[in-house]
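Notes follow once the structure below has been shown.
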Amino acid sequence: MIPKTVLRAAMALLAPLALLACNAPTPSVKAAAKGVVNVYSGRHYDADEAIYRDFTAKTGIEVRQLQAPGDELIERMKAEGAASPADVAITADAGGLWRLQQAGLLQPIRSAVLEAAIPARLRDPGGAWFAFSKRSRVIVYQKGGVDPALIQTYDSLAAPALKGKVCARSSTNVYNLSLMAARIARYGPEKALAWAKGVAHNFARDPQGADIDQIRAVAAGECKAALVNHYYLIRMAASPDPSDRATAAKVGLIFPDQNGAGAHVNYSGGGVAAHAQNKANAIALLEYLASPEAQALFPKLNEEFPVVAGVPLTPQLQALGQFKEDDLPLAAMGEHQPQAQALFDRAGWR
Amino acid sequence: MAIEALSATPPRAPPTPLRLGVWGPQVLAALATFACAAPAAAVMIQALIAPRAGGGDAGRFWIDSVAGTLALMIAGGGVAIALGIAAAWLVAMCRFPGRPIFEWLLVLPLALPVYVLAYAYGGIAGPGGPSPLRVAGPSGAAFVYALGLYPYIYLAARAAFVSQSACVLEAARTLGARPWRAFWAVALPAARPAIVAGAALALMEIAADYGAASYYGATTITTGVFRAWFSRGDPALAMQLAATLLIAAALALAAERRARGRAAYGAARWRALPRYRLPLLAALGAALSCGLLAALGAILPLAWLARSALLAPPGAIAALAPALSHSLMLAIGGGGATLLLSAIVALAARAGGRAGQAALLAAASGYAAPGAVIALGALAIAASLRGLGLIGGLTGAVAIAALIWTYAARFAAAGAQPIEAGLTRITPAISGAAKTLGAGAFRRALAVELPLAAPGAFAAALIVFVEILKELPATLILRPFDFDTLAVKANEYASDDRLIQAAAPSLLIALVGVLPIVLLSRGLSRARAGGP
């Protein structure tokens, strides 16, 4: 019994090895003249792949990348220390930039290109990190299910009028943590906690799923309003799945706090790694990310807002209109995130 | 002539390697213990020296997390155990329409990672999905655990039922026991060790799962580890939680070993088993319930994934070729290393003694630990090795080696179990005969025990292959540059809510996993002592 089955399985298992032999990547051969730049990225979008491909085509510098959740990448860089192969570190969240900097994993650089292109508020004064794209945490609501006038602010989600009508994803999610951190920075921990308690009290269901799930729940009427990043709704409206498009059509979008501090925005960004071995290439990549061509790809491929002025938006982003954004310093989000999680936990926002 | 042959052979002394015969197994067991426990130990030590963050609610946090995990184990694990045993009994002991197909169809959920099941049911039975029934919240997590993990119990219980002594069952029947009574009074108690072993795997998977628990917003020890470490910046609290898991797994295993004691189970059976012929209605009911289970556990989610994958832009599947080859490479390479470690653990456990116990407990705690914790431990070890100047950064071969070690530490328990079960085929009489002929422990292991245990090892290889294929958190943290696997791609898209793009890699994981799993199922269903 054994030999036959074992043999058959062994063959089935070994066949792919032969395939591998022909398929094995040979980066060192390709990375000839201009060298490489090694990117550790907490972002995971096809848009980034396209941007890196463009960069390689323009400069001849090969981009090697490792994508993983931001905090895990930080742990990895800490463990690797001076031997870390990372040249550039990129995070999907402004808090991540702060944590990278606090852990001493970034080095300050001077670049006239970056300093000219990126507004001062969106880069570290010392040149340790630079923001490259922007997203807003907005309120989505069921059209016809709730009066939009009732949900024009983040505070309104905590109001008694919305009891049993609010959906949110887990508080562990970094987008929620950054929003809460911003509220702590702006209004202080007591008010932030009271707000989180109010929202949690209004939950139609326990927090679950990701942003898209909140949109679906709103469209289905399981709740009337939810907090999501703006681009998820745009993406659903353009989805190849007809049921996604139908879902998106039932949902409206509000930029909150337009008469107050402005809608919460969060940034993706990056910097040169502390122990970069290809520092010149790393700076070249960062400068490319701030170039008009690359900046145009963030809206085009990912429906994120660019950070450089004058870059064209997609019709979908233009349709959202101008909005007032909260202009807190980016570092505030990183600084207050641990406290944000502790307060969320106390508020019962799971 | 016989006398001549005897006199021509010099009197057999135990093979010379001095005291290796005595110390060899001990040393190997110690090495295996180290390999399984070192990453977890490293991360604990690191956390102990980390400064404590504030936050006065640590106790509450710990209680909530433990309670959440226990609830999921009871609900998800309990249903999985019931489903697994029931399905195994029907398929092994009864005749009904479609039985030969269900025999392997019921194993298929094992090819789907539970986090993929969670995403699929998020689409099927989430808001706006086609299902009228909602799968949501922590009970949604329990639902996918039950469906995704019952095959562990099903496989183990079925193998046990199939290899039971027909004589015992016939004796029960002669004494007037109806099938139900034969099941409760004879078959189930005899299959207990196998069922407990399968259930232990399922329960440890539930404890260590991050993907499905976080998707359904369940508060568990594993999600708590992430929440404490990364969101609250409190590694010490994270490690208290992880330690809870490791210690609980080790204690549970020790308790099970003690309860089992030295009782010998599973008398070998030498002839085919008479299956109960079910009355028409019961037969139809059996076919329907097996069909429903297979549909919910595998067919429906697979169909949903296929539908989503078809909506993806053309070329999306072809673009997965490198990820596919990386997945296969890791599953084969990592599988080989894990199998080796599993074999050592199983042999050490069989040899008994403190060393064997330690190896077994270390392996069990590795399996119950969240993959990310073991991976962070491997990072910490890599950092110390780098401090000693032994290795550089985690690139290329070093990263792969760290990853493979993590797989081995994580999954040695899953492999050790079938190997150990295979080793029980080696009766004391056989080992005794080898001993009488002068074979030392090593020689007995190589020449007698390993060949007899080969089917168990084969089953272990298949399980470990599929486990690594599905593994996500450690692969994410430790892989080298430009080295995506199918699981990594699936997660990359799913974590960005691009579920259509996530479908193709998820489907590929399932398709690659199906063949080994069906082979596993076939191998186990033929595991009768007198079988062909």
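Name the residue that is farthest from A:S41 (Cα to Cα), counting only residues in region B:485-497 that are assigned to a loop (DSSP other than H, G, I, E, B) and within 8 Å of another protein chain (Cβ to nearest Cβ).
B:D497
For residues that are of a type in the set (A, V, I, L, M, F, W, C) and buried (at least 20 other Cβ atoms within 10 Å of the Cβ), tally how many sit in region B:125-182.
So the count comes out to 19.
Scan region A:326-335 and tell me whether some residue there is over 30 Å from B:A58 (Cα atoms), crowded, with 17+ Cβ neighbours inside 10 Å and away from chain B (no Cβ under 13 Å).
Yes, region A:326-335 contains a residue that is over 30 Å from B:A58 (Cα atoms), crowded, with 17+ Cβ neighbours inside 10 Å and away from chain B (no Cβ under 13 Å).
Any residue in region B:278-294 that is within 14 Å of chain A (Cβ to nearest Cβ) and out of contact with any Cys (no Cβ under 6 Å at 6 or more places or on another chain)?
no
What number of residues in region A:161-213 are under 14 Å from A:K224 (Cα atoms) and touching a residue at least 24 places away in the same chain (Cβ under 8 Å)?
Residues flagged as under 14 Å from A:K224 (Cα atoms) and touching a residue at least 24 places away in the same chain (Cβ under 8 Å) within region A:161-213 amount to 13.
How many residues are buried (at least 24 other Cβ atoms within 10 Å of the Cβ) and of a type in the set (K, R) when one looks only at region A:175-210?
So the answer is 1.
Quick check, is B:F465 at the interface with chain A (Cβ under 8 Å from one of its Cβ atoms), under 27 Å from B:A399 (Cα atoms), in contact (Cβ under 8 Å) with a residue 60 or more places away in the chain and in a helix (DSSP H, G or I)?
Answer is yes for this residue.
Could you check B:L511 against (1) more than 8 Å from chain A (Cβ to nearest Cβ); (2) out of contact with any Leu (no Cβ under 8 Å at 6 or more places or on another chain); (3) closer than 24 Å to B:A343 by Cα; (4) surrounded by fewer than 24 Cβ atoms within 10 Å (Cβ to Cβ) and say which number it fails?
With respect to (1) more than 8 Å from chain A (Cβ to nearest Cβ); (2) out of contact with any Leu (no Cβ under 8 Å at 6 or more places or on another chain); (3) closer than 24 Å to B:A343 by Cα; (4) surrounded by fewer than 24 Cβ atoms within 10 Å (Cβ to Cβ), B:L511 is out only on (3).
Could you tell me whether region B:399-411 includes any residue that is farther than 16 Å from B:T475 by Cβ, in a helix (DSSP H, G or I) and not charged (D, E, K, R)?
no
Just the residues that are crowded, with 20+ Cβ neighbours inside 10 Å and either within 8 Å of another protein chain (Cβ to nearest Cβ) or on the phi > 0 side of the Ramachandran plot (or both), please, taken from region B:353-374.
B:A372
Can we say B:A309 is buried (at least 24 other Cβ atoms within 10 Å of the Cβ), among the aliphatic types (A, V, I, L, M) and in contact (Cβ under 8 Å) with a residue 24 or more places away in the chain?
no
Does A:L193 fit the bill of being in contact with a His (Cβ under 9 Å, 6 or more places away or on another chain), within 14 Å of chain B (Cβ to nearest Cβ) and not charged (D, E, K, R)?
No; evaluated as a whole, the condition is false for this residue.
Of the residues in region A:329-350, how many are at negative phi and either out of contact with any helix residue (DSSP H, G or I) (no Cβ under 8 Å at 6 or more places or on another chain) or part of a loop (DSSP other than H, G, I, E, B) (or both)?
So the answer is 5.
Restricting to region A:35-51, and then to whatever is under 19 Å from B:L394 (Cα atoms) and of a type in the set (S, T, Y), can you tell me which residue is nearest to the chain's Cα centre (by Cα)?
That would be A:S41.
Only residues that are in contact with a Gly (Cβ under 6 Å, 6 or more places away or on another chain) and either within 24 Å of B:G523 (Cβ to Cβ) or not in a loop (DSSP other than H, G, I, E, B) (or both): list them for region B:126-156, please.
Listed by number, the residues that qualify are B:A142, B:Y145, B:A146, B:L147, B:Y150, B:Y152, B:I153, B:Y154, B:A156.
Of the residues that make up region B:229-236, is at least one part of a helix (DSSP H, G or I), among the aromatic types (F, W, Y) and either within 23 Å of the chain's Cα centre (by Cα) or more than 21 Å from A:R76 (Cβ to Cβ) (or both)?
no
Among B:R192, B:R181, which is over 16 Å from B:S65 (Cα atoms) and free of Cβ contacts under 8 Å to residues at least 12 places away in the same chain?
Result of the check over B:R192, B:R181: B:R181.
Just to be sure I understand the filter: pairs with C-beta atoms under 6 Å, separated by 6 or more residues or on different chains, first member in region A:325-350 and of a type in the set (G, A, S), second member at pLDDT below 95 and in a loop (DSSP other than H, G, I, E, B). Which pairs pass?
So the pair list comes out as A:A342/B:G55; A:A342/B:R232.
If you scan region B:391-400, which residues turn out to be over 19 Å from B:L469 (Cβ atoms) and either more than 8 Å from chain A (Cβ to nearest Cβ) or without any contact (Cβ under 8 Å) to a residue 24 or more places away in the chain (or both)?
Matches in region B:391-400: B:I391, B:G392, B:G393, B:G396, B:A397, B:V398.
For A:E304, indicate whether it is charged (D, E, K, R), within 14 Å of chain B (Cβ to nearest Cβ), surrounded by 23 or more Cβ atoms within 10 Å (Cβ to Cβ) and in contact (Cβ under 8 Å) with a residue 40 or more places away in the chain.
yes
Taking region B:106-140, which residues are more than 30 Å from B:E420 (Cβ to Cβ) and hydrophobic (A, V, I, L, M, F, W, C)?
Hits for region B:106-140 are B:A118, B:A120, B:I124, B:A125, B:L133, B:V135, B:A136.
Restricting attention to helices (runs of 4 or more DSSP H) lying wholly within region B:31-125, give those where 1 or more residues are modelled with pLDDT of 90 or more, more than 18 Å from the chain's Cα centre (by Cα) and of a type in the set (S, T, N, Q).
B:58-72
The values are calculated or read from the model by the stated rules, or taken from the named source; none is laboratory data. Just so it is clear, the model here is predicted, and its values are computed rather than measured. Ideal geometry is used to build each Cβ from the backbone, glycine not excepted, and the neighbour counts take in all protein chains shown.
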